[in-house]
1. Has the range 134-154 got at least one residue that is within 19 Å of the chain's Cα centre (by Cα), more than 16 Å from the ligand (Cβ to nearest atom) and charged (D, E, K, R)?
2. Suppose the filter is in a strand (DSSP E or B), away from the ligand (no atom under 16 Å from the Cβ), crowded, with 18+ Cβ neighbours inside 10 Å and touching a residue at least 12 places away in the same chain (Cβ under 8 Å); does Arg178 pass it?
3. Is it true that Arg240 is more than 21 Å from Ala33 (Cβ to Cβ), basic (Lys, Arg) and modelled with pLDDT of 95 or more?
4. Residues of the range 112-130 being in contact with a helix residue (DSSP H, G or I) (Cβ under 9 Å, 6 or more places away or on another chain) and crowded, with 16+ Cβ neighbours inside 10 Å, which ones?
5. Just to be sure, is Tyr45 farther than 24 Å from Ile212 by Cα and not in a helix (DSSP H, G or I)?
6. Are there any pairs with C-beta distances below 7 angstrom linking a residue in the range 194-205 that is more than 10 Å from the ligand (Cβ to nearest atom) and in a loop (DSSP other than H, G, I, E, B) to a residue that is among the aliphatic types (A, V, I, L, M) and modelled with pLDDT of 95 or more, with the two at least 6 apart or on different chains, and if so which?
7. Is it the case that Glu146 is surrounded by 18 or more Cβ atoms within 10 Å (Cβ to Cβ), part of a strand (DSSP E or B) and not small (Gly, Ala, Ser)?
8. Scan the range 32-80 for residues that are of a type outside the set (Val, Ile, Thr), under 20 Å from Ala201 (Cβ atoms) and more than 16 Å from the chain's Cα centre (by Cα) and jot them down.
Amino acid sequence: MALRITIFNEGYHERFNPISKEVYPNGMHDALAKAFDGEDVEIRYACQYEENCGLTEEILDNTDVLIWWAHVLHNDLPDEIAQMVQRQVLKGMGLIALHSAHYSKPFRLLMGTSCSLRCHDVGERERLWVIEPGHPIVQGIPPYFELKHEEMYGERFDVPAPDELILGGWFQSGEIFRSGCVWRRGYGKVFYFQPGHETYATYREYPYILKIIRNAAHYVARPANLNANIDCIFAEELERVPDCDRIEY
Ligand code: ZN
């Protein structure tokens, strides 16, 4: 069955920042979709300026992986939408949070921490290191590769210790960062991936970046036929317990 992917893009910079407009003329969501060229996928776009931010419970019920890019309008996202994304991850939907999505409402809800970090943007070089070469997310990726220009994100990244730390970033100005991390939340998986500042062609010019996003989508995707129940349920005894005081309901 085709992988059902929803790409959420805030969609602000590409419309109002001339540099981003030039780098991503069709929007960042269009560049991200190219990661799946030739794959058996169904891709849907959602932008924050659309009605209900382009997302409904029905859309997310039918989404295996939600990819999220946002930056300056985090606070304008209605809490109900962030809670809906959180609930869907708990029920098994995969979430890939990209770059400045570290501060998005859904990601912060799922982490339960501030998700703050150190940052500056001087157009420096980043070298990404593969920490777990055996991990499915970095199959086909060399031990390290470089991005000519990227915004610096540095530690401390205030997130819970990741369940899987897959990539590390080193920046020309001397900082380091946990650039590729996986957490399990409920029945779902969350992958955070740091590269992707809006004025650099990170999602257009670097096939390894797109390959990591493609691999990650398969890794975090909602498992087929998952019977997730996140409500408490009354459980009948599997075997009778003879010697205890029975409570009658
Ligand atoms: Zn940025």
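1. Within the range 134-154, not a single residue is within 19 Å of the chain's Cα centre (by Cα), more than 16 Å from the ligand (Cβ to nearest atom) and charged (D, E, K, R).
2. Spelling it out, Arg178 is indeed in a strand (DSSP E or B), away from the ligand (no atom under 16 Å from the Cβ), crowded, with 18+ Cβ neighbours inside 10 Å and touching a residue at least 12 places away in the same chain (Cβ under 8 Å).
3. no
4. Cys115, Leu117, Leu128, Val130, listed by residue number.
5. No, not satisfied.
6. Within 7 Å, the pairs are Ala201/Val23.
7. no
8. Hits for the range 32-80 are Lys34, Asp37.
The values are calculated or read from the model by the stated rules, or taken from the named source; none is laboratory data. Keep in mind the model is a prediction, meaning the values are calculated, not measured. All Cβ positions, glycine included, derive from the backbone under ideal geometry; neighbour counts span all protein chains shown.
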